[in-house]
1. Report the paramagnetic label zone for residue 161: residues of the stretch 87-101 whose backbone N is under 14 Å from a point 7 Å from Cα along the Cα-to-Cβ axis.
2. Which semi-axes, in whole Å and largest first, does the equivalent ellipsoid of the stretch 168-301 have when worked out from the alpha carbon gyration tensor as the square roots of 5 times its eigenvalues?
3. Per Stokes-Einstein, at 10 °C and 1.306 mPa s, what whole-number D in µm² s⁻¹ belongs to the stretch 35-121, with the Kirkwood radius over Cα pairs as the hydrodynamic radius?
4. Per residue, how big is the convex hull of the stretch 79-181 when only Cα atoms are used? Give it in Å³.
5. Consider a paramagnetic label point 7 Å from the Cα of residue 212 along Cα→Cβ; state which residues of the stretch 159-200 have an amide N under 20 Å from it.
6. May I ask you to derive the FRET efficiency for residue 204 and residue 84 from their Cβ-Cβ distance with R0 = 35 Å, giving the value to the nearest 0.05?
7. Once you wrap a convex hull around the alpha carbon atoms of the chain, what is its projected area averaged over all directions, in nm²?
8. So, in nm, how far is label residue 91 from label residue 126 when the simple model puts each one 7 Å beyond its Cα toward the Cβ?
């Protein structure tokens, strides 16, 4: 609430309290009606594509009446998604190389089987003195070499699988941060649809469709006018007569001499006193203190923000 409005409330209340003391009025306090106003701002920058509201319109909570162009953010999202898809092309497929090594093992094992048969035959021939020891030694050496070659090939398969797995894990580790980036950009895209925070009435609009807005720039102001708050001021002698939840009569002008009465409920009482500001600041008047109170008043449509109201204690 503006300082000017509060000052006017204090001035009015103080004037009426003084008049009440002189017998000119029977009401106990006075003030100005106000409401909890919410300024709805843009969360992203861009051109306003839709501004489907006017001052005085009643808006529903969680509905969207303003749309902001988020084309640039959508393109950023697509770029990150393309980067995620490209990760698959950076991974290494070890299957062809591993399969080649496995085929090599099959050949080596077949060769080993043939050598073992020759080894067994030569062992029999040597026992019968039909072959030389050198021939047996040569086949024994060949068998050992083939067995070692098979072991080396198996190690190569293991190394190939480990190497490709490590490389692929390094590439795929980039996926999670990129997915988080996609979610972050999508959140910004969603904020291009400005969600109305409360049920209420548009008090003022600050932007027009087609304008360029920026993050934090106000778009419109809204308030729930179904219940207004009368901020009134009471004197120190009246303070003991007021308590939270107390029912009071709130009156507004209804013609030149009549009053329209509403039921109000005290929702807040200030714990600090304020000096009563008056046009004539005598020493005695400066010593007068008042306490602010807030009274919730259901609005049938006749109450407006900034309207003066008076309070009568029951």
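1. Once the point is set 7 Å along Cα→Cβ of residue 161, 94-101 turn out to lie under 14 Å by backbone N, inside the stretch 87-101.
2. Semi-axes (√(5λ), whole Å): 51, 21, 18.
3. On the way: Rh = 20.5 Å.
Value of D from the Cα-based Kirkwood radius: 77 µm²/s.
4. 71 Å³
5. 189, 192-193
6. Working: r = 44 Å, r/R0 = 1.27.
Here the calculated transfer efficiency is 0.20.
7. 31.6 nm²
8. Between residue 91 and residue 126, the simple spin-label model gives 5.3 nm.
FYI, it's all coordinate maths here, none of it is from the lab. Not measured: the values here are computed from a predicted model. All Cβ positions, glycine included, derive from the backbone under ideal geometry; neighbour counts span all protein chains shown.
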